[in-house]
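The values are calculated or read from the model by the stated rules, or taken from the named source; none is laboratory data. From a predicted model like this one, the values you see are computed outputs, not experimental measurements. Glycine also receives a Cβ, built like all others from the backbone with ideal geometry; neighbour counts cover every protein chain displayed. We work out accessible area using only protein heavy atoms, side chains counted, and drop any ligands, DNA or RNA first. Shrake-Rupley method; radii C 1.70, N 1.55, O 1.52, S 1.80 Å.
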Amino acid sequence: MIDQLFILFVILPVLTAVILFAIGPRSVWQQRASLAVVALLWAFSLYGLVHVLQTGIVVLRMGDWPAPYGIILVADVLSMTMVALTMTIALAVTLFSLPTVDRARQEHFYYPLFFILLMGVNGAFLTGDIFNLFVFFEVLLIASYALMALGSDADQLRETNIYVVLNLIASAVFLLGLAATYRIMGTLNMADLAVKMQAQAENPLLTVLAMVFLFVFGTKAAIFPLYFWLPGPYFPPPAGISAFFGGILTKVGVYAIFRTFTLLFRHDPSFTHELLLALSAATMLFGVLGAISQMDVKRILSYHIISQIGYMILGIGLFTPQALAGALFYIVHHVIVKSALFLISGAVQETTGTTSLKALGGLATRSWFLSALFLVAALSLAGLPPLSGFFSKFIILQAGMHEGRYGYVAIGLLGSFLTLFSMLKIWNGVFWGADRAPTRPAGLRPLLPGVVLLVSLTIGIGLFPSVLYRVVDAAAGQLTDPRVYIEAVLGPQTPGSGILPAERTSQ
Amino acid sequence: MELLMIAVIGILFGCGTYLLLQAHLLQIIVGLALFSHGANLALMVSGGLKRGGPPLLTIGAPYADPLPQALILTAIVISFGVTAFALVLAFLTKQVCVSNDVDELAGG
């Protein structure tokens, strides 16, 4: 019974969106209903995560059609972790949006669009069918186009055009990849694909498919060399939107890489995962170098997203249980801290009117509390103990040492050192020194609840890392042994059907 | 027949790429529309092309695979919606930024 309720993660946001469209954009219920539904889904997502940890993978078959024929939702630990994370950020962003979203944006359907975005994101995490992954991608993308353009100033429109064109190209290639997959494998259900791909491990076309999907998901996740679009579109929209985009949207691409490269494309790790490793190193390095050269808080933060996606891809490239667990730990940490930093930059923007380092300074004398929140989140991002960033980087880099990949570990360490450098640059430019920032009459206090929620989470993870580690370890366990996923979806497999828990041998 | 369709897909993608490299936003959007047409055709070919086989199980042996058709329908609806959005966005950009030329937009 409780399993059936997992559909709420997809249905409830879309219902809420429809109702919010219907009741009219001026209603006070826009805000109240949004907060109530997001809080409800947040609580349920935490419950769902615990449920999946205790009872194993939950599979929902729409209309009770047996897999692989029907449409299915699959909630394994990885999916539910991502959903819980999404709802946490959604809660913080909604708390931040209530006082900051202006009248005009609300009247142009800010809240309904946000719920459609949530539906797309949750659906993409939960679906067990690669074509539905495409559909949910499109749902979340079209909501994100609208949210990005909302407000229609010249900067926003220009960046939205770039974002739309780029994503449409990626979508067309995604469709081509799906067509090719269906032609070669005759199925689009991910568990069924995994069985068939394992049986045809020698087929050279598999690597071609892997590269097509890597291009698509890599574009969305902003990995090297496809990250060029990222810093722009995250800059002009309001901070709540930037926080959600920066925290969650690129991670949907990372999730898709995780799913496909642990479940489907494990036929030739010496090529595919080796390539991921090389890309991760370039992503870490170029992202952080881009961040150093920027002079605006939001732009620095956007470049850091790129660099940190490199760490996540590093984990999947190493492809050992510990590395996967570390990469997931890193995703959780990164999403929380990155969204917190974007919200803080939004609070700075609300109270001063700018996020440029050259125009700001001395905010520490105005609000020690906001400065303390920033400092905790920034040090966590750079990976200083005892915050969440330290443990996540430690686990991944330790896994790299075990595999003897010292070069990648060195690049990872260099990346975190440069991250610390650019975080201190923000600290010096925005919070330290004489108070010379412009003032706007906006109150700071109503902006803080969402930020406090996220920052206390990063401290909490830092103090009790074993709690989160148990979750990501369970998720990594399911990812390393795809039989668990396949049998949950398709039922018990006949022995000798060729599904091996292939672990990567160290080289 | 399938080879012909594959050639058509290639031509659509080729023209789309040419249009994507143009300066005007409208040309870029038409290029993207051609991309999605090409991708939809590819989905159609993915099920195998044959004549005279309706997608009904009850009529016996030569029936067509209904899945690609369902997939194309979904993909067409999505690309229709997104193309409409892109056109409105281009219109709005023209009004706000007074230009639809990509080079001028990038400079401003």
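List of remarks:
- Filtering segment A:212-224 to residues that are of a type outside the set (D, E, K, R) and touching a Gly at 6+ places or on another chain (Cβ under 9 Å) leaves A:Val212, A:Phe213, A:Phe215, A:Val216, A:Phe217, A:Gly218, A:Thr219, A:Ala221, A:Ala222, A:Ile223, A:Phe224.
- Within segment A:163-186, tally of residues that are in a helix (DSSP H, G or I), more than 8 Å from every other protein chain (Cβ to nearest Cβ) and without any contact (Cβ under 8 Å) to a residue 24 or more places away in the chain: 1
- Flag for A:Phe369 being under 23 Å from A:Leu447 (Cα atoms) and either more than 21 Å from the chain's Cα centre (by Cα) or assigned to a helix (DSSP H, G or I) (or both): yes
- Segment A:32-61 residues that are open to solvent by 40 Å² or more (accessible area, probe 1.4 Å), paired with ones that are of a type in the set (Lys, Arg) (beta carbon under 9 Å, 6 or more apart): A:Leu53/A:Arg470
Residues checked against (1) in a helix (DSSP H, G or I); (2) surrounded by 18 or more Cβ atoms within 10 Å (Cβ to Cβ); (3) more than 9 Å from every other protein chain (Cβ to nearest Cβ); (4) among the polar types (S, T, N, Q):
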position	(1), (2), (3), (4)
B:Ala39	yes, yes, no, no
B:Leu89	yes, yes, no, no
B:Thr93	yes, yes, no, yes
B:Val96	yes, no, no, no
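- Within segment A:119-132, being small (Gly, Ala, Ser) and away from chain B (no Cβ under 12 Å) holds for A:Gly123, A:Ala124, A:Gly128.
- Only one of the listed residues (A:Phe265, A:Phe261, A:Phe271, A:Phe235) is more than 30 Å from A:Asp155 (Cα to Cα) and open to solvent by 10 Å² or more (accessible area, probe 1.4 Å). That residue is A:Phe271.
- Residues in segment A:133-155 that are part of a helix (DSSP H, G or I), within 9 Å of chain B (Cβ to nearest Cβ) and farther than 17 Å from A:Thr86 by Cβ: A:Phe134, A:Val135, A:Glu138, A:Ile142, A:Tyr145, A:Ala146, A:Ala149, A:Ala154.
- Looking only at residues in segment B:51-68 that are loosely packed, with under 14 Cβ neighbours inside 10 Å and within 14 Å of chain A (Cβ to nearest Cβ), the one that is farthest from B:Met1 (Cα to Cα) is B:Leu57.
- Evaluating A:Phe286 against the criteria (1) closer than 28 Å to B:Ala42 by Cβ; (2) open to solvent by 10 Å² or more (accessible area, probe 1.4 Å); (3) part of a helix (DSSP H, G or I) leaves one unmet condition, (1).
- Qualifying positions in segment A:187-230 - assigned to a loop (DSSP other than H, G, I, E, B), open to solvent by 10 Å² or more (accessible area, probe 1.4 Å) and more than 22 Å from A:Val484 (Cα to Cα): A:Glu202, A:Asn203, A:Pro204, A:Phe224, A:Pro225, A:Leu226, A:Tyr227, A:Phe228, A:Trp229
- Scanning segment A:460-493 for residues that are aliphatic (A, V, I, L, M), more than 22 Å from the chain's Cα centre (by Cα) and open to solvent by less than 70 Å² (accessible area, probe 1.4 Å) returns A:Val484, A:Ile486, A:Ala488, A:Val489, A:Leu490.
- Spans of helices (runs of 4 or more DSSP H) in segment A:385-493 with at least 2 residues at negative phi and among the polar types (S, T, N, Q): A:388-402, A:406-426, A:448-463, A:465-480
- Residue satisfying all of: in segment A:70-114; touching a strand residue (DSSP E or B) at 6+ places or on another chain (Cβ under 8 Å) and open to solvent by 10 Å² or more (accessible area, probe 1.4 Å); modelled with the highest pLDDT among these: A:Leu73
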